[in-house]
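Engineer: What follows is a single structure, and I will ask about it in a moment.
The values are calculated or read from the model by the stated rules, or taken from the named source; none is laboratory data. Values in this document were obtained by computation on a predicted structure and should not be read as measured data. Every residue, glycine as well, gets a Cβ built from its backbone with ideal geometry; the counts of neighbours run over all protein chains shown. Side chains are part of the model used for accessible areas, which takes the heavy atoms of the whole protein and leaves out ligands, DNA and RNA. Shrake-Rupley method; radii C 1.70, N 1.55, O 1.52, S 1.80 Å.
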There are 2 protein chains.
Amino acid sequence: MSQHPHRRWFYLVCYDIADNERRDDASELLSGYGPRVQYSVFEATVESPVAFERLQQALTDIIDPDEDQVRIYPLRVPDLAKITIIGNRRLEERNDFWII
Amino acid sequence: MSQHPHRRWFYLVCYDIADNERRDDASELLSGYGPRVQYSVFEATVESPVAFERLQQALTDIIDPDEDQVRIYPLRVPDLAKITIIGNRRLEERNDFWII
């Protein structure tokens, strides 16, 4: 049993992917991890470091290393409330960070 | 004189902007703040909270609030070394974070 059963790790995942099919594969994968906040930006949550490694491996398997790039930024829970959003266009938004 | 003359604040700025001209205006503005790491993602640095407010205002002036969205995530200096990059495609990269 995990020592931190409720701990979660947050990441911002953004990508430049040159091919439509690979881009769709990446967005489909990432949709399982959290809200798609912009077309190529997801706020991803994982429940363990192992799960994060799985996510990295899955992205590595999807992309073409010569043509694409995925960046993953660690986000800290206190900073989730400090995101500045300018403009009213919305795709998806996280609505659960305050219960962490 | 500032009490923290060398302090800097780091942000990840990403945008979904529907119009080419506004998108170009935003990228031109943001190019003055740091590397364009992906087509719609910049790692921006400011030297004061006032400078951050100016950046926010400038972006607010550029975008159409009904059609566009800019997100600004605070980045912490220790986390700048923890960015995961998958794939070899490169636009621009920061090369100065270790001297902060």
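Engineer: Label position 7 Å from Cα toward Cβ: report the copy-to-copy distances for A:Arg94 in nm, one decimal, ordered from shortest.
Structural biologist: 1.9
Engineer: Right, here's the next one. With just the Cα atoms defining each centre, how far is the stretch B:29-100 from the stretch A:1-74? Give it in Å.
Structural biologist: When both Cα centres are located, 20 Å separates them.
Engineer: Taking both sides together, what accessible area is buried at the A/B interface, probe 1.4 Å, expressed in Å² and rounded to the nearest 100? Mind dumping the intermediate values first?
Structural biologist: On the way: alone 7300 and 7320 Å², together 11080 Å².
Approximately 3500 Å², summed over both chains.
Engineer: Now for a different question. When you take every Cα atom in chain A, what is the radius of gyration, and what is Dmax, the widest Cα pair distance, in Å?
Structural biologist: 14.1, 43
Engineer: Given label points at 7 Å from Cα along Cα→Cβ, what nm distances, shortest first, separate A:Ala18 from the same residue in every other copy?
Structural biologist: Taking the point 7 Å beyond Cα along Cα→Cβ, the inter-copy spacings are 3.0 nm.
Engineer: Also, I was wondering about something else. What do you get for GluC sites (Glu not before Pro) in the stretch B:46-100 restricted to DSSP loop and a cutoff of at most 15 other Cβ within 10 Å of the site's Cβ? The partial results should precede the final answer.
Structural biologist: Working: sites: B:Glu47, B:Glu53, B:Glu67, B:Glu92, B:Glu93; in loops: B:Glu47, B:Glu67, B:Glu92, B:Glu93.
Answer in residue order: B:Glu47, B:Glu67, B:Glu92, B:Glu93.
Engineer: In percent, how large is the relative contact order of the stretch B:9-78, given Cα pairs closer than 8 Å and 6 or more residues apart? Walk me through the numbers on the way to the answer.
Structural biologist: On the way: 91 pairs, mean separation 37.0, N = 70.
It comes to 53 percent, rounded to a whole number.
Engineer: Moving on to the next point. On each of the three principal axes of the Cα atoms of the protein assembly as shown, give max minus min coordinate, whole Å, ordered largest first.
Structural biologist: Result, largest extent first: 53, 39, 33 Å.
Engineer: I'd like to check one number: the per residue accessible area of the stretch A:9-78, probe 1.4 Å, reported in Å² as a whole number. Write down the numbers at each step before the final one.
Structural biologist: Working: 3070 Å² over 70 residues.
Accessible surface, normalised per residue, equals 44 Å².
Engineer: How many percent of the accessible area of the stretch B:9-78 is carbon or sulfur, using a 1.4 Å probe?
Structural biologist: On the way: 1380 of 3070 Å².
Of the solvent-accessible surface of the stretch B:9-78, carbon and sulfur hold 45 percent.
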